[in-house]
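Participant: The following block contains the structure, expressed as structure tokens.
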Amino acid sequence: PARMVLPALALLLAAGLLHTQASPPARSFQLDYEHNCFRKDGAPFRYISGSIHYARVPRPAWRDRLLKMYLSGLSAVQVYIPWNYHETLPGVYDFTGNRDVEAFLDLTAELGLLVILRPGPYICAEWEMGGLPAWLLWKPDIVLRTSDPAYLAAVDSWLHILLPKIKPRLYQHGGNIISVQVENEYGSYYACDHGYLRHLLGSFRALLGSEVLLFTTDSTRAEELHCGTLQGLYATVDFGPGSNVTEAFGAQRCVEPKGPLVNSEYYTGWLDYWGEAHASTSAAWVAQGLEDMLRLGASINMQVSPFLQLTSLPWPGADYKDQYKPVTTSYDYDAPLSEAGDPTKKLFAIRTVISKFQPLPVGPMPPATPKYAYGWVALRKVSAYPEGCTAPAWHCSTGQHPSLSWQYADLLDVLDVLCPSGPIQSQFPLTFEALKQAHGFVVYHTQLPWDVLDPATLAAPPHSICDRGYVMLQKEYQGTLERDGPTTLNVTGRAGDTLDVVLENMGRISFGANTSDFKGLLGNLSLNSRPLSNWLIYPLAIDTTVQQGWPHAALPESSSGGRVGPAFYTGTFETPGIAWDTFVKFPGWSKGLLWINGFNLGRYWTHRGPQQTLFVPGSVLHVGRPNNITVLELEGAPPTPLLLFLDRPLYNRTLGRSTAATE
């Protein structure tokens, strides 16, 4: 019997050995409080990451941008998920096309990048309402980002849809997501509701499990770290170049005495606001700050401008810093990878610093995407061409240009097309939210109740124009009322004359104040202090209508009106056999929006700046067939409307940085 025990024991040991060899060690990503580091699969680890927003990058460009980030030496990318991008209406979800976040995450894994996930529910990101859906405000008394039961019910419903898509992609389950942020910079919000954070912690744990690393991000201010942190969520900080690195991480140590040092938002640039100078940050300054942090062993994610971005209409948000400050369409705030995905000198400066601390991936950096300056394109009322030019291809003094034909229509003449369900009658104005209108424009229509032979003051209560109102009397443009700007106009007219206000949403507040940013006419207009009433209200579905082919599918008759006030210009042009990235300039135009082939390319505002061009990805252009252009000009087109296609962006009427840098 003893002799039989030894062979049996040997067989058991062999079976155990085979089992050990067949089963790889468990994947893990954990905090090591003893050695102040992360541990990945048991080994000390630190990440160098960059932010990217899949929602702001055309899907055909995802691979190119991620590959450039990987070859920059980054080991991870930080990915935001905007709730309102996916749940556009309560219970209505969209994860298709550019919204296919699972496909994006799978692509990051394919390219060997780890992921730091920021699913919100609030993400900031200079995105409309910080990613929160506007339909939350259908309940006017809801208190966002707090323990308000109505808000928590909506959050829980969303998380139960989103997080099951995330769980299989966690690192512990064989995926590449190493950590997940809960909320974002909550300490900067007025509410300071730790019960809300505890609720989120419980929801994330219930849906993602106990092993995933959950964290928060806040500034280095003590009061914000107090309100934005919670036991069970690892506290990280954010700060930019020029900060005292030792002091900044000292703030983190006040709330996390042990564990890895982490800067979750290292600012490689800064955002642009309409009407202010274009922001830029020195590449040397950014590189030095990065090196200082890496020498301390810190993990870093490079943030605003996120490592690479594009445009964000209709999703750009706004800050509130003593006044409403809407951000520009472009999200390229002097980023290491440009709006068009081009490597810059700042990128190579960052790459050089990274090479001092870890090997760079083998392989050359992919080149800049090709650009084409298509040149001047004349926009003409109805079907006309510049004098001496003929269709379909024409040559003028400026060189060869695409062919073009144009139609024109005042916005007020096509309300039946833009609001097919017809107007809503109301004694007094209703907000966008009361109308269940998320973005874009609403027209408020009434009539003068009496003769106004001497100039009378048309006025709005303070802060009730959210955000710009284009005033038309008898379809003639009178001027603009503006949030934190002019709120009165002098008008004259006869009883029964039509008064229309085209109200524009410039983006809901994403940072700096209560994010319950209602849009539209929040108070009633008055004429010489007497309130106006009996309104017809038209919620406009402009974006949807243009995407469906209007006006190219059914061109309107040309308007007899002038070129002042809200009006559409439409036309077509053909490219010379290529579809390369380009930038559109609007010389002499005022303010409006551009669509090409139904794709909303964003808002231009040449008078305010700093952004003077809109980026046009080559992926939206056609080769061999006409490209449809639609322009909605809100205040006034130039006497000779022209568009200029360039191979680089313009800021403050000065050529921006070159399209690419070379190492």
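The values are calculated or read from the model by the stated rules, or taken from the named source; none is laboratory data. Bear in mind the structure is a predicted one, so any value in this text is a computation, not a measurement. Note that each Cβ is placed from the backbone with ideal geometry, even for glycine, and that neighbours are counted across all protein chains shown. Heavy atoms of the whole protein, side chains included, go into the accessibility calculation; ligands, DNA and RNA do not. Shrake-Rupley method; radii C 1.70, N 1.55, O 1.52, S 1.80 Å.
Participant: Less than 17 Å from a label point 7 Å out along the Cα-to-Cβ axis of D292: which backbone N atoms in the range 313-356 qualify, by residue?
Facilitator: Once the point is set 7 Å along Cα→Cβ of D292, 350, 353-354 turn out to lie under 17 Å by backbone N, inside the range 313-356.
Participant: Let me ask you something else. Taking the Cα centre of the range 205-292 as origin, sum charge times position over the Cβ atoms of Lys and Arg (+1) and Asp and Glu (-1), and report the length of that vector in debye to the nearest 20.
Facilitator: About 300 debye.
Participant: Using 14 Å as the cut-off for backbone N distance, which residues of the range 259-303 belong to the label zone defined by a point 7 Å from the Cα of T246 along Cα→Cβ?
Facilitator: Hits in the range 259-303 for T246 at 14 Å: 292-293, 296.
Participant: Another question, then. What spacing in nm lies between the two simple spin-label points modelled at A150 and K165, each 7 Å away from Cα in the Cβ direction?
Facilitator: With each label point 7 Å from Cα toward Cβ, the separation is 2.7 nm.
Participant: Could you work out the equivalent-ellipsoid semi-axes for the range 421-540, taking the square root of 5 times each eigenvalue of the Cα gyration tensor, largest first, in whole Å?
Facilitator: Taking √(5λ) for each eigenvalue gives 24, 16, 11 Å, largest first.
Participant: A further question on this structure: Compute log10 of I(q)/I(0) for the range 22-103 with the Debye formula, placing one identical point scatterer on every Cα and leaving out solvent, at q = 0.16, 0.17 Å⁻¹, to two decimals.
Facilitator: Results for the range 22-103 at q = 0.16, 0.17 Å⁻¹ read -0.83, -0.87.
Participant: Sort the range 41-356 into rounded, prolate or oblate with this rule: let a ≥ b ≥ c be the square roots of the eigenvalues of the Cα gyration tensor; rounded if a/c is under 1.5, and if a/c is not under 1.5, prolate when a/b is larger than b/c, oblate otherwise.
Facilitator: Rounded shape, in that the Cα axes give a/c under 1.5.
Participant: Hey, another quick one. How big is the dipole moment of the chain about its Cα centre under a simple scheme where the beta carbon of each Lys and Arg is +1, that of each Asp and Glu is -1, and everything else is neutral? Debye, nearest 20, please.
Facilitator: 1500 debye
Participant: Here's a follow-up. Provide the percentage of antiparallel DSSP beta bridges, counting only those with both residues in the chain; round to the nearest 5.
Facilitator: Roughly 75 percent of the DSSP beta bridges within the chain come out antiparallel.
Participant: How far, in nm, would the chain grow between I142 and Q548 when pulled straight, counting 0.36 nm per residue and subtracting the alpha carbon separation?
Facilitator: Result for the pair: 142.7 nm of gain on full extension.
Participant: Short version: ³J(HN,Hα) in whole Hz for each residue of the range 616-621, in order, from phi by Karplus 6.51 cos²θ - 1.76 cosθ + 1.60 (θ = phi - 60°), x for Gly and Pro, what are they?
Facilitator: Calculated HN-Hα couplings, in order: 10, x, x, 5, 9, 8 Hz.
Participant: For K40, give me every one of the aspartates and glutamates with a C-alpha distance below 15 angstrom, ignoring sequence neighbours fewer than eight places off in its own chain.
Facilitator: Output for K40: D32, E211.
Participant: Using 19 Å as the Cα-Cα cut-off, could you pick out the over-long pairs in K325/K591; K139/K325; K436/K475; K68/K345?
Facilitator: Flagged as over cut-off: K139/K325; K436/K475.
Participant: Right, something else. Which Cα, out of M293, T329, T630, lies furthest along the positive dipole direction of the chain (beta carbon charges, K/R +1, D/E -1)?
Facilitator: The residue sitting farthest along the positive end of the dipole is M293.
Participant: Calculate, in nm to one decimal, what R494 and T640 gain on full extension: separation in residues at 0.36 nm each, minus their alpha carbon distance.
Facilitator: Here the answer is 49.2 nm.
Participant: From the residues Q437, P641, T108, which one has its Cα farthest along the dipole of the chain in the positive direction, the dipole being from +1 and -1 charges on Cβ of Lys/Arg and Asp/Glu about the Cα centre?
Facilitator: Checking the options against the dipole of the chain, the answer is T108.
Participant: Under a point spin-label approximation (7 Å from Cα along Cα-to-Cβ), what is the H607-L360 distance to one decimal in nm?
Facilitator: Once both label points are built, they end up 4.7 nm from each other.
Participant: In addition: Which value, in debye to the nearest 20, gives the size of the charge dipole of the range 421-540 about its Cα centre, when Lys and Arg are +1 and Asp and Glu are -1 at the Cβ?
Facilitator: It comes to approximately 220 debye.
Participant: To the nearest 10 square angstrom, how much accessible area does T492 have with a 1.4 angstrom probe?
Facilitator: So the heavy atoms of T492 present about 70 Å² to solvent.
Participant: What distance in nm lies between label points placed 7 Å from Cα along the C-beta direction at C254 and D32?
Facilitator: So the label points at C254 and D32 sit 2.9 nm apart.
Participant: While we're on this one: With point charges of +1 on the Cβ of Lys and Arg and -1 on the Cβ of Asp and Glu, referenced to the Cα centre of the chain, which listed residue (V255, G275, G363) lies farthest in the positive direction of the dipole?
Facilitator: Toward the positive end, the furthest listed residue is G363.
Participant: I'd like the Kirkwood hydrodynamic radius of the chain, using the inverse of the mean 1/r over distinct C-alpha pairs, in Å.
Facilitator: One over the average 1/r among Cα pairs gives 26.8 Å for the chain.
Participant: Also: With a 1.4 Å probe and every protein chain left in place, work out the accessible area per residue of the range 421-540 in Å², rounded to a whole number.
Facilitator: Here the residues of the range 421-540 average 39 Å² of exposed surface.
Participant: Could you give the length gained by full extension between A222 and D41, i.e. 0.36 nm per residue of separation minus their alpha carbon distance, to one decimal place?
Facilitator: Extra length from A222 to D41 when fully extended: 61.8 nm.
Participant: State, as an integer percentage, the relative contact order of the chain based on alpha-carbon contacts under 8 Å between residues 6 or more apart.
Facilitator: 14 percent
Participant: For the range 105-209, rounded, prolate or oblate, judged on the Cα gyration tensor with a ≥ b ≥ c (square roots of eigenvalues), a/c < 1.5 rounded, else prolate if a/b > b/c?
Facilitator: In terms of gyration-tensor shape, prolate.
Participant: Then there's this: Hey, what's the range 204-255 come to in accessible area per residue, 1.4 Å probe, Å²?
Facilitator: Here the per-residue accessible area is 40 Å².
Participant: Which sequence of K167, K519, K258 reflects their accessible areas, 1.4 Å probe, from the largest down?
Facilitator: Ranked from most to least accessible, the order is K258, K167, K519.
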